[in-house]
Every structure is written in structure tokens, then in C-alpha cells.
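Input: a single structure, listed below in C-alpha cells.
None of the figures in this text is laboratory data; all of them are computed from the coordinates on show. The model shown is predicted, which means the values in this text are computed figures rather than measured ones. Note that we place each Cβ from the backbone using ideal geometry, even for glycine, and neighbour counts take in every protein chain shown.
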Amino acid sequence: MRSLTTEHTLTIDDLVWPLFVMDQKQACEPIASLPGVYRFGREQLWQCAEEALSQGIRALALFAVVDCSKKDLIGSAAICADGFMPQLITDLKQDFPQLGLIADVALDPYTSHGHDGVVDCEGQIRADETVRMLCEQAVVLGQAGADVVAPSDMMDGRVGCIRQSLDDRGLSSVMICSYAVKYASCLYAPFRQAVGSPLASFGSEKASYQLPCDRIMEAMREVAFDIKEGADIIMIKPASMSGDVIRSVHQSFALPIWAYQVSGEYAMIRAAASAGYVDLKSLVLEQMICLKRAGAGAIVSYFAPQVAQWLKQGT
Ligand code: PBG
């Protein structure tokens, strides 16, 4: 009776696996605040792709870890067609055509100051210049073979411009997953450590373009804008603190919603579990079912391969 009255289930089809990749043949660098997550080189990425496919995970979300010597004030390496990220994507797609590749679009791994956009000398974001860079970056990643480009920067108006740029270059089949609702959260700190974005590690530094957590109406407006501009998927994060937003967006718009269980959420869960305060598997699965209940169509999580294993074993 209980299974006949189940309302929501979690399956492997619900999972996206985020990975940090470096411009190296071989690398497996641990990240202090993300135990069990690594900065991988090419060879390790290929192993992850194989693992994903064998587990039934259908898509990877790739984040670049860029060497400091390649960073500058405007993040110019982000739009370099022969940069390591586009090359990785092309090669990975060739070897694993059935694996979905979601490429992050934002300048923070490439800027020396760690902001997602171009900033002026007073530290203000230069929106137009930033959007132009993001469009170029999206085209480079789309041309390389990414199935989805995912602008995670939160600059106004970038989804429409990216869509136009992709279409102009014959890349109309590349989808856009817009981080339409990205709250300015302290929970991104481990991610910033992972990609080495130094300045931005101060919690509120990105508050001029990310959303303050004290509002939901504005979140709904952001979603409406991005859908109108051509978004195919709406990303909401941090996942576990945004159940209300996921629910509202799910009720108001007919579009897939993805929830990103971000680095700090992963870190909190890992810390509590390793202290023996909670059971890891129970907590992770409970949280994911609750995200499905809220209305998430898929969940981006560093726990993805682990969850896939649990699901395979039968919970
Ligand atoms: C930046 C970006 C961030 C995350 C994804 N893309 C960090 C930030 O906004 O500073 C965070 C993801 C996570 O914490 O796991 N473009």
C-alpha cells in the first residue's frame, strides 16, 4: 500500500554530476572543504565519464579550474576557442557521445579577482562588457560540443543575448540552463576554494548580481525574464534552502527545474555524517526526495555517483 501511494521517487535519471577539471593530463587534487571531491585531470575525467555511464548518470556539469597564470582582469581565457575546456569537451563528446555535457558559462574561474564578470576599477560590474564575454564563451563551448550551456553568473539580460549568439552561429540545438535563481549564499565558499577564486571568497562580494535571500518575488521575476529570453531549463540554488522557490516556479512555469545542491550543502552533510551526528545515506536520500517533492526535475549534486550506487543497491 505504501508503494502504491508513493507520490515522488528518486531515480538515477534525476542526477547530474558536477566535476572540477584542470588543464592536466593526470590530476587528482583533494579539496579541503569538500572531502571526497577532487580537481581532476583529463585521465580522471575520462574515468568519471565511464563511471557515470556505467551507473546510469546521464550528464556531467563541468567546471574549469584555471591556472593562475592564465587569469586576468577580464577573464579572456574564457573565450579562447583552443583553451583546455573546449578541447576537453570536444574530445569527451567524441568518446562518450551518449553522455550529456553541461558547460558552465561564467568568468569567475578565469578572472584574477574571482568575479563572474568584468569589473571596473571601483569594483563595479560592467554588465554590457560581461554579457558580450559570456556570449562568446557560450559560443566557444557550444561549438566544442556542449549539449547545454549553463550561465551561472546572474547578469541581467544574458540569456537572450546568449540565445541569439548561439543561433547566429548555427548552434540552435544547444540548450540553455539558466541559473535564474541563484541566491547570494555563503554556501558557495567550498566551490570558490575548489576553483581558486580568491577575492570572491567573501560571502557578500557577489551581492550586486546574485539574489539576496530575503526575497522570492524577485526570484519569480528573474525566472520569467529568463524564460522569455529563451532559457530551456531553470536552475535554482542552494537547493535545500530553496524548496519554497522550487515549488513556486514549478507551479507557475512549465519548464524543467533543476536544483543544485551546492558545495556548502555537500560539505555540511559530509561534516555532520563524519562526526556521527547523522546517517549519510539517509540524509542525502531524504534531502533529494524532498527536492523532488518541491518540484525539482533533476538535482545537481556532488553525491551523484554515491547516490547512483545506493539506488542500484536498492535503498
Ligand atoms: C560561479 C559559480 C558558483 C557556483 C557555481 N557557479 C560560485 C559562486 O557564485 O561564487 C557554486 C556551486 C557550488 O557551491 O557548488 N559562476
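Sorting the Cα pairs of segment 1-49 by distance into bins of 10 Å, from 0 upward, gives 22, 34, 20, 14, 10, 0 percent per bin.
Here the relative contact order of segment 149-300, from alpha carbon pairs under 8 Å that lie six or more residues apart, stands at 25 percent. The stretch between Arg126 and Thr11, if pulled fully straight at 0.36 nm per residue, gains 37.2 nm over its current Cα-Cα span.
Remind me, relative contact order of the chain in percent, using alpha carbon pairs under 8 angstrom and six or more residues apart? RCO, the chain: 19 percent. Volume per residue for segment 72-144 equals 72 cubic angstrom (convex hull of Cα atoms).
As a proxy for reagent exposure, ranking His250, His115, His8 by other Cβ atoms within 10 Å from fewest up yields His8, His250, His115.
Here's the picture: charge each Lys and Arg Cβ at +1 and each Asp and Glu Cβ at -1 in the chain, and of Ile176, Val139, Cys213 the one pushed furthest to the positive end of that dipole is Cys213. Computed from backbone phi with θ = phi - 60° and the Karplus coefficients 6.51, -1.76 and 1.60, the 3J(HN,Hα) list for segment 165-177 is 5, 5, 4, 4, 9, x, 10, 5, 7, 6, 7, 10, 9 Hz; x is used for glycine and proline.
In plain terms, the residue of Leu19, Leu166, Leu255 with the fewest other Cβ atoms within 10 Å comes first and the most crowded comes last, giving Leu255, Leu19, Leu166. Of Met217, Met154, Met235, Met268, the sequence from fewest to most neighbouring Cβ atoms within 10 angstrom is Met217, Met268, Met154, Met235. Less than 5 angstrom separates the built amide H of Ile299 from those of Leu15, Val16, Ala259, all sequence-distant by 5 or more or on a different chain. DSSP finds beta bridges in the chain, and of those with both partners inside it, around 10 percent are antiparallel.
Annotation: amide H-H contacts under 5 Å for Val37 (H modelled 1.01 Å from N, sequence separation of 5 or more, or interchain): Ile31. For segment 1-133, DSSP calls about 20 percent of its internal beta bridges antiparallel. Computed over the alpha carbons of the chain, Rg followed by Dmax gives 18.4, 64 Å. Here the chain is assigned +1 on the Cβ of each Lys and Arg and -1 on the Cβ of each Asp and Glu. Its dipole about the Cα centre then comes out at about 720 debye. The reciprocal of the average 1/r between distinct C-alpha atoms defines the Kirkwood hydrodynamic radius, which for segment 53-175 equals 14.6 Å. Of all DSSP beta bridges confined to segment 76-214, the antiparallel ones make up roughly 10%. Each Cα pair under 8 Å and six or more residues apart adds its sequence gap; the mean of these over the residue count of segment 127-227 is a relative contact order of 27 percent.
Take the chain and mark each of the GluC sites (Glu not before Pro) that is in a DSSP loop with at most 10 other Cβ atoms within 10 Å; the longest unmarked stretch, sites excluded, is 123-315. Between Ala224 and Cys186, the simple spin-label model (points 7 angstrom out along Cα→Cβ) gives 3.3 nm.
With the convex hull of the Cα atoms taken as the outline of segment 116-227, the averaged projected area works out to 7.4 nm². Computed on the Cα atoms alone, the convex hull of segment 223-315 gives a volume of 99 cubic angstrom per residue.
When the chain is treated as a GNM with alpha-carbon contacts under 10 Å, the residue of Ser248, Ser172, Ser197 showing the greatest mean-square fluctuation is Ser172. For segment 1-84, the Cα gyration tensor yields ellipsoid semi-axes of 34, 15, 13 Å (square root of five times each eigenvalue, largest first, whole Å). Label positions at Ser112 and Gln164, each projected 7 Å from the Cα along the C-beta direction, are separated by 3.2 nm. Overall, the ratio between the Cα radius of gyration of segment 265-308 and 2.2 N^0.38 Å, rounded to two decimals, is 1.15. I want to check the label-to-label distance for Gln313 and Glu51. Put each point 7 Å from Cα in the C-beta direction and report it in nm to one decimal. Taking the two extended label points, one gets 1.5 nm.
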